[in-house]
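Undergrad: Once you've had a glance at the structure underneath, I'll fire off some questions.
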Amino acid sequence: MQDKLGRQYSQLISYEDARKKFQRYLAIMRAGATKVYQVASFPINNKEGLKKALNTVSQGSVVWQHTDKWHTAGIYIRQGYGFKFNRGVINLVAHGIKDEESFQKIWTEQNGDYDYGIFPKSPGSYTSQVRKQQPSYIVCDLNTPENKNSKIPGGYKKNQVHRTHLISSQVTGIELHKGLLIDFDGWLNSNPMNQFETDILNLTKKQDVIWSCNVWIGQDYYLHLKYDMYDSQYNLINKAEWVDDRWTYLWFFDKGQDYLTKRIKD
């Protein structure tokens with residue numbers, strides 16, 4: 001059902017509840033985003049290496065690693081912390097809504113003088129636009145056209161690449177980090193990957209989850225992205241893998257980041 005303004009009743013929230021929600025997430029954001037650590041001394045693209053890395057940092061911190069062969073990111077998510085940060089509030093703050101006065105103003109702009117309305121949204125997605133400008137180690141070669149024979153099961157009228165998080169920003173509060181963002185096919189990111197991530201985030205309401213992600217270019221020359229999700233004892237509880245054969249990718253690495261793969265070969 002809809003109200004006089006055509007809004008769905010199921011989406012309505014009181015101003016007081018909306019204000020409290022905004023203040024709650026704003027306080028979390030002001031406390032600082034998640035700590036992030038690059039691991040350079042041993043491989044973490046396997047369960048034992050990931051476990052060793054996560055055991056050396058404070059719980060809830062992100063570990064990541066990039067070499068000339070793989071890119072890995074992982075985090076231990078405690079029960080109840082999967083939705084620690086709110087993407088909508090992150091976007092409001094990015095648009096200058098940083099206190100109760102500015103929040104009340106945008107509420108009135110979008111809902112009038114009603115005591116109930118839809119939680120305010122900023123126009124467009126500032127965070128999405130900024131992500132496109134953030135450097136990444138894995139970047140689509142836009143000089144190479146899309147593969148019209150791609151095996152990806154879906155697509156858009158005009159396909160595009162997204163710069164996507166390896167770990168949801170709702171967990172970390174981080175929009176920009178070279179170690180946590182890669183280019184990947186937009187349809188895959190918005191559909192099966194988004195559904196899988198949402199399922200895992202919902203699972204964190206019931207239990208601890210260790211979230212790990214590995215990225216590599218396979219022998220097929222396509223970009224592979226694989227999630228392995230574990231419980232607190234590192235038992236595998238869910239997994240998913242996607243292959244992006246629609247686009248061609250450039251794989252960059254910094255000086256010295258090939259150290260681990262050189263050492264393994266030796």
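Every number here is computed from the coordinates shown, using simple stated rules; none is lab data. Predicted model, so just to flag it, every value in this text is computed and none were measured. Ideal geometry is used to build each Cβ from the backbone, glycine not excepted, and the neighbour counts take in all protein chains shown.
Undergrad: Using all alpha carbons of the stretch 9-265, what is the percent of pairwise distances in each 10 Å bin, ordered from the shortest bin to the longest?
TA: 7, 27, 32, 23, 9, 2, 0
Undergrad: Label points 7 Å out from Cα along the Cβ direction at Ala94 and Gln219: separation in nm?
TA: 4.0
Undergrad: A further question follows. Only counting other Cβ atoms within 10 Å, I'd like Tyr156, Tyr76, Tyr249 sorted with the fewest neighbours first.
TA: Tyr156, Tyr249, Tyr76
Undergrad: Give the order of Asp231, Asp208 when sorted by the count of other beta carbons within 10 angstrom, beginning with the fewest. Kindly include the intermediate steps, with their values, before the conclusion.
TA: Details: Asp231 14, Asp208 18.
Final ranking by Cβ density, sparse to dense: Asp231, Asp208.
Undergrad: Same structure again: To the nearest 0.05, how large is the calculated FRET efficiency for Lys69 and Gln11 if R₀ is 35 Å and r is the Cβ-Cβ distance?
TA: 0.15
Undergrad: Please go through the stretch 145-185 and write out the trypsin sites (Lys or Arg not before Pro) that DSSP classes as loop and that have at most 10 other C-beta atoms within 10 Å. Please report the intermediate quantities before stating the final value.
TA: On the way: sites: Lys148, Lys151, Lys157, Lys158, Arg163, Lys178; in loops: Lys148, Lys151, Lys157, Lys158, Lys178.
Passing sites in the stretch 145-185 are Lys148, Lys151, Lys157, Lys158.
Undergrad: As a check on your grasp of the helix formula, calculate [θ] at 222 nm for the chain: sum -39500 (n - 2.57) over DSSP H runs of n ≥ 4, divide by the residue count, round to the nearest 500.
TA: Numbers: 9 runs with 80 residues, N = 266.
Result for the chain, helices only: -8500 deg cm²/dmol.
Undergrad: Now a separate question. Which of the trypsin sites (Lys or Arg not before Pro) found in the stretch 185-250 are in a DSSP loop and have at most 14 neighbouring Cβ atoms, other than their own, within 10 Å? Write down the numbers at each step before the final one.
TA: Values: sites: Lys205, Lys206, Lys226, Lys239, Arg246; in loops: Lys205, Lys206, Arg246.
In loop regions of the stretch 185-250 (DSSP not H, G, I, E or B), the sparsely surrounded trypsin sites (Lys or Arg not before Pro) are Lys205, Lys206.
Undergrad: In addition: Run the quick spin-label model on Ile118 and Phe252: label points 7 Å from Cα toward the beta carbon, then report their separation in nm to one decimal.
TA: 3.8
Undergrad: While we're here: Quick one: angle between helix 192-203 and the longest Cα principal axis of the chain, in degrees between 0 and 90, rounded to 10, please.
TA: Roughly 70 degrees, rounded to the nearest 10.
Undergrad: Further, regarding this structure: Quick check on the exposure proxy: order Ser122, Ser190 from fewest to most C-beta atoms within 10 angstrom. Could the numbers behind the result be given before it?
TA: On the way: Ser122 19, Ser190 14.
The order, fewest Cβ neighbours first, is Ser190, Ser122.
Undergrad: Lysines near Lys255 by alpha-carbon distance under 29 Å, same-chain residues fewer than 8 away left out - which ones?
TA: Qualifying lysines at Cα under 29 Å: Lys35, Lys47, Lys51, Lys52, Lys69, Lys132, Lys178, Lys226, Lys265.
Undergrad: Considering all alpha-carbon pairs of the stretch 36-145, what whole percent are spaced by more than 21 angstrom?
TA: On the way: 3608 of 5995 pairs.
So the portion of pairs separated by more than 21 Å is 60 percent.
Undergrad: Then there is this: Only Lys, Arg, Asp and Glu count, each charged at its Cβ (+1, +1, -1, -1), so figure out the dipole size of the chain about its Cα centre, rounded to 20 debye. Please list the in-between numbers first.
TA: Details: 35 positive and 28 negative charges, 55 e Å.
Magnitude of the dipole: close to 260 debye.
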